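Novice: I have a structure I would like to understand better, so I am pasting it below and will then ask my questions one at a time.
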């Protein structure tokens, strides 16, 4: 190897990068004049001789050995990295191979101990670390079970680590050079040098891998760090892959659940129409199994007439002309039945845009389609009805109008529009009476009538006013107004009629004048005259001639009814009065009874007359008794003669008539029969119902073609078959009873039963049965039946009955209200729960039976939720009939009509009073358990924290004394001994505090008062605290000149004052003053401690006397949170009081008052 090449190798090696100079090896020509690099270390690496050749053999050998070691170590690192990658690929969860990973990395890195920590956060969002796995070299103490390495706060011991590692940087170096807080944790583990590599997963600080060297304090080489970082990166990538795979699996599970459990059919369709994947709902809709469908295409089950449109959209999607489509079409099910479906199709394309498959959503709308068709027919009928109503309104002579609640016109008919000066009815909308051709007085009067009708909800009839018309003429107008209601019965306006009665008024005035003339003629006429009310038969008026004839006084005859004097029956008299009223007849012959009982024959001339708005019968009566007697005698002689003639010819006429009648009736019956048969055939052949004719025994004589559609038989297959052979055995009794009734009389009967289809299944039939009665034979000669399939209706009825039974027998109270929340139905469970029956709550709202503890805003929220179409679930307080209250859990659901309008609300309610009571008890128990758990956690956290620091100090000081004590001076050793003693005292005081609180909680802490000199006692406590304070604060003690006689428990008092003064010193800044004052008032000793410290926040003051509670602003000031809890216990035992006055950053004043004699 030449010099130049070796120099270049040294230059490239990082191990010798600290060397400098132009050449490392030179030829040795003359030892006295040889020229070397300025570095003496290089000179010592070479051996020289007196020859002219160079001698680098030892250096070159060492250099190659170093290179070989580095190469071997690098290969070990690479092998470890490969093995790490292999394990991460084998194990889906990184945690399963943590121990193997860190063992491989630890051995490859030559570490003494390798470990993995993961991060987590506490309830206050503070970052912690906890050890999850560890590998140790043989002879190195494991730390995996060390509790101090679990739940370590970064901000307390490793604040630098959190910042550096979060940024993705490493921690590396000699532990002796680390900050004290880090050394307190690391040195007790025997760690001399350390390497920490962060684990950054999905951009977040997940944890770290650590490598300890416990044998020598050496730094980690950059080449080692690079390879170990590559391994850490591989772990992070595996962790991210694990998260991604978990998220993908969850997404896939959600998709599968959605696909399989969807309430509609879902399918993946191939580009040729083949079924690739189908869900269970689709199989239920079409009746095929999933395997059967995958052997077909959608074209195979599409109704032929619907296929072309479907394929047209199919091709347009493949050509990218449309993105999706939705149509209604028909499918042919496996059982050959045809159903209507709503189909929505979209195309899934590959990332390159190539079509892959179709996604189809199929919804069975057969029932909806039938309902829509019925609704369309109903809407068309409604439209026709509205047109007829409009035509009728415009054809009647009266004006018709309707207004809203503000007397604003909404519409009118043509006659009203013309009467008020408009051209067309449409012009009336939005106008008021003041804008029409009415005087202001009449307009105001009309509005007042509208208001009265709306407010009273009562009609106003026959309102007659003189109006000024559009042509300037005055006219008498009669108006009728009634309230206009919506479907719920709410008044929404006024409906009125408007009629010009000017001519009628004129006629009435003329009649009034003629009435006077009539009265003169009526009263003074010698003819018998009566005025009769045809509706009641009452005699309204009679003239004096009538009173004389009938033998009654005038006032008595007017109290009679016409039937009191007419010998005909009441029905006959009423019929004749109607004939007279309709003017079909005006002349009548009656027999009238007089007051003395004599019956006289009379002839009556009667016709209608209109008097004072009422139609009466004006009757003139003539007594024809004598004339009738003569006519009767004459008629009797004539009758006797005619009888003899009639008897001679009667027999001949009777036989001729009878023969002619029989011939005519037979021809008529035959013609009617032919016509009836033709109509029957036409009806039967085209009816969707199955029309059949049977013999009286039930054998089919004729069956219409509809039988094939309904039960699968051709008509010729059924003719001659006994119909009973097709009926379900369980229905034979009911059918036989109907059959028997039909044979006895010709009435029409309806019966429901099951009949066997040709394929063997039974379907429900509803048949209308009528017997054809032969009058001559006096029996039924044939039975006609019209039958229809009611299977779906029967199933719906069975479901309705089942639902009704379930509601009636439900254990929960069920309420059904209308859209205004008025009760329409409650089940027995409601009556049992509340004590109210359905009759008692009818038309009331549920709010009537709720106690008002839930505020109005809460009820309004419930109403807003359900009235917007959403379901509400929650709790409320109910009120029973007996006045007691109960807690109820309720779910209220709106019920929508086919048009989406809310028609009802259904509420299901359950009494949860007992459950609430148990929940409250359980909540109290859980709260107590939680408090106990929190107390336990606080105790463990506090003791572990408070003990850890002094223990660490004691251990570190003891370790330092053990290692270096023989070399240190006595003063330096004394400092560490003092640290151990102070830490031990701190632990002792803490244990004493805990034991004192334990005794107090167990009621074992007692008060033993003894005489005491309070002033001297307080001075001694102040003196003790001044010694331990090391002159950091000034304590002032103020006391009375003379001491009072007192008797107190010195131990309890010492606890109170020591804790208060210690806290005042601890939380006050150095150089400040703590004031301590003793005074006497009302046989009590008053102790006051005033500091200038940080104060106590208002939010922390409520739990100040609870164990382990510390103010939120104490920061890093040490403490256990027991001081004030102990003070409170000791004050209470001495029947004293404690008060606190505090202000942030100003200070705190604590006042304790104790009785002098206890």
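Novice: Starting from the Cα gyration tensor of region 773-812, take the square roots of the eigenvalues, sort them a ≥ b ≥ c, and report rounded, prolate or oblate (rounded when a/c is under 1.5, otherwise prolate if a/b is larger than b/c, else oblate).
Specialist: oblate
Novice: Along the Cα→Cβ direction, 7 angstrom out, place labels at residue 555 and residue 761. What is the inter-label distance in nm?
Specialist: Inter-label distance under the simple model: 8.7 nm.
Novice: Using 0.36 nm times the number of residues separating residue 640 and residue 732, minus their current alpha carbon distance, what extension gain do you get?
Specialist: Length gained between residue 640 and residue 732: 26.4 nm.
Novice: Please give, to one decimal in nm, the separation of the simple spin-label points placed at residue 1086 and residue 120, each 7 Å out from Cα toward the Cβ.
Specialist: 5.3 nm
Novice: Using 7 Å Cα-to-Cβ label points, what is the residue 384/residue 344 separation (nm, one decimal)?
Specialist: If labels sit at residue 384 and residue 344, their model points lie 3.6 nm apart.
Novice: Oh, and also: Could you put 861, 317 in order, starting from the residue whose Cβ has the fewest other Cβ atoms within 10 Å?
Specialist: 861, 317
Novice: When 437, 112, 1047 are ordered from fewest to most other Cβ atoms inside 10 Å of their Cβ, what list results?
Specialist: Listing 437, 112, 1047 from fewest to most nearby Cβ atoms yields 1047, 437, 112.
Novice: So if R0 is 30 Å, what FRET efficiency would residue 1047 and residue 1101 give, r being the distance between their Cβ atoms, rounded to the nearest 0.05?
Specialist: Step by step, r from the Cβ atoms, then E = 0.40.
Novice: Could you list 494, 164, 1089 so that the one with the fewest beta carbons within 10 Å of its beta carbon is first and the one with the most is last?
Specialist: 164, 1089, 494
Novice: Could you tell me how far the Cα centroid of region 169-248 sits from the Cα centroid of region 522-555, in Å?
Specialist: Rounded to whole Å, the Cα centres lie 130 Å apart.
Novice: If you take the square roots of the eigenvalues of the alpha-carbon gyration tensor of region 506-623 and sort them as a ≥ b ≥ c, do you get rounded (a/c under 1.5), prolate (a/b over b/c) or oblate?
Specialist: Oblate.
Novice: What does the extension gain come out to for residue 967 and residue 167, with contour length at 0.36 nm per residue minus their alpha carbon separation?
Specialist: 283.8 nm
Novice: Still on this structure: Just report the Cα centroid separation between region 280-347 and region 690-729, whole Å.
Specialist: 37 Å
Novice: Once you sort the root eigenvalues of the Cα gyration tensor of region 785-886 as a ≥ b ≥ c, which label holds: rounded (a/c under 1.5), prolate (a/b larger than b/c) or oblate (the other case)?
Specialist: Judged from the Cα gyration tensor, region 785-886 comes out prolate (a/c at least 1.5, a/b above b/c).
Rule-based calculations on the coordinates, nothing more; no lab input. Computed from a predicted model, the values in this text were never measured in an experiment. Glycine gets a Cβ as well: all are built from the backbone with ideal geometry, and neighbour counts include every protein chain shown.
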